[in-house]
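One structure below.
The values are calculated or read from the model by the stated rules, or taken from the named source; none is laboratory data. Keep in mind it's a predicted model, so treat the numbers as computed, not measured. Because the Cβ atoms are built from the backbone with ideal geometry, glycine has one as well, and the counts that use them run over all protein chains shown.
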Amino acid sequence: MGKKERKNNYIIYPPRSKERGIFIFNLKINLKNNKLMDRKMQDIICQTWIVIFGCSAIWFVGRLEQWKRWGYILGLISQPAWIYTTIIHDQWGIFLLSLFYTYSWGQGVYNYWIK
């Protein structure tokens, strides 16, 4: 990961340098309590993603008309947030359940869109 850089009571991974290029993630670890400062924002984004796509997927799947097939697409879109959240919070049972849900949503996509 490279050398650590101290700045205002934080360690910044990776260090800011011109030869390293553009950084996608800038993780700030607070030295006082060793918590990721950006974790709360990541949780908010994931929970919002799950609510929007997960709830709309269930609603669409429950419909009788042709919109039903869009529910499987929305359900599949919601799965990365579920998987990421379960890995970050060490919820391995829900992680395995999320993998099964991903497979199930994928079956719906296959049956309603590809087949």
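If the requirement is being closer than 30 Å to Tyr112 by Cβ and modelled with pLDDT under 95, which of these qualifies: Ile87, Ile24, Ile73?
Step by step, each of Ile87, Ile24, Ile73 is checked, and only Ile87 is closer than 30 Å to Tyr112 by Cβ and modelled with pLDDT under 95.
State all residues of region 90-115 that are hydroxyl-bearing (Ser, Thr, Tyr) and either closer than 15 Å to Gly54 by Cβ or modelled with pLDDT of 95 or more (or both); if no residue qualifies, say none.
Ser98, Tyr101, Thr102, Tyr103, Ser104, Tyr110
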